[in-house]
Amino acid sequence: MTDTMKHTITILFALTLALSSCKQEPANNDSNQATAAKVEDEAQESLYLLDSEWLDQTGAPRTLADFSGRLIVTAMIFTNCAFACPRIIVDLKAIEAGIPKGREQDVHFLLVSMDSARDTPDVLTAFAESQDLDPSNWTLLHGDEFAVRGVGAALGVRYKKGLNGDFAHSNIITLLGRDGVILHQLEGLSADAAATHAAIRANLP
């Protein structure tokens, strides 16, 4: 990753640290509107331009570009989350259930942990098993703090680590095109996914 890209990601992340709690969406103020505009500009670039290094839940090394070629439904979570993240998983499963029959393999689900310290591959494996996530169609990623900040900035996910190691964070599910560019985002918990399903159907190969 070039120094310019690192500098851009660092600045963008710094601008997005006005946070909600796990249970509340951010206030709709001028600062958040300005941040949303910056994220929207960044969203025109492919997530796969980030060359950060990751481990999946099996411990295998991965890059974000590994996920190109399919539609990707992605969200950021941490496994110790007691409220919002389990609800995000429920929402993701509802999206998965709405994929047209026979097209399930054209859409992959990607969970990026924001908890670099605790969410090791072994922990992510146990979490995936506890949530009954099919490993053939769900990938969970562990990365260092810089890698996580880059993805958070690119997806517009705001988060902050608390003193107890847990995170306050916004709740966003993102649909990426086969080239890694954002096609659609679903914000909030238990939100109506009809538009997400429509976006998936419209972009199936």
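The values are calculated or read from the model by the stated rules, or taken from the named source; none is laboratory data. Predicted model only: the values in this text are computed from it and were never measured. Cβ atoms come from the backbone with ideal geometry, glycine included; neighbour counts cover every protein chain shown. SASA here: full protein model, heavy atoms, side chains in, ligands and nucleic acids out. Shrake-Rupley method; radii C 1.70, N 1.55, O 1.52, S 1.80 Å.
Placing a label point 7 Å from the Cα of Ala94 along the Cα-to-Cβ direction, the residues of segment 168-192 with a backbone N closer than 13 Å are 173, 186-192. A dipole drawn for segment 118-205 from +1 and -1 charges on Cβ atoms has a positive end, and of Asn164, Ala194, Ala126 the residue lying farthest that way is Ala194. Placing a pseudo-label 7 Å from each Cα along the Cα-to-Cβ vector at Asp51 and Val181 gives an inter-label distance of 2.2 nm. Rolling a 1.4 angstrom probe over the protein heavy atoms with all chains in place gives segment 85-205 an accessible area of 42 Å² per residue. Apolar share of the accessible surface for segment 83-172: 54 percent from carbon plus sulfur atoms, 1.4 Å probe. Write out the trypsin sites (Lys or Arg not before Pro) in segment 77-127 meeting two conditions: DSSP loop, and at most 12 other Cβ atoms within 10 Å of their Cβ. Passing sites in segment 77-127 are Lys101.
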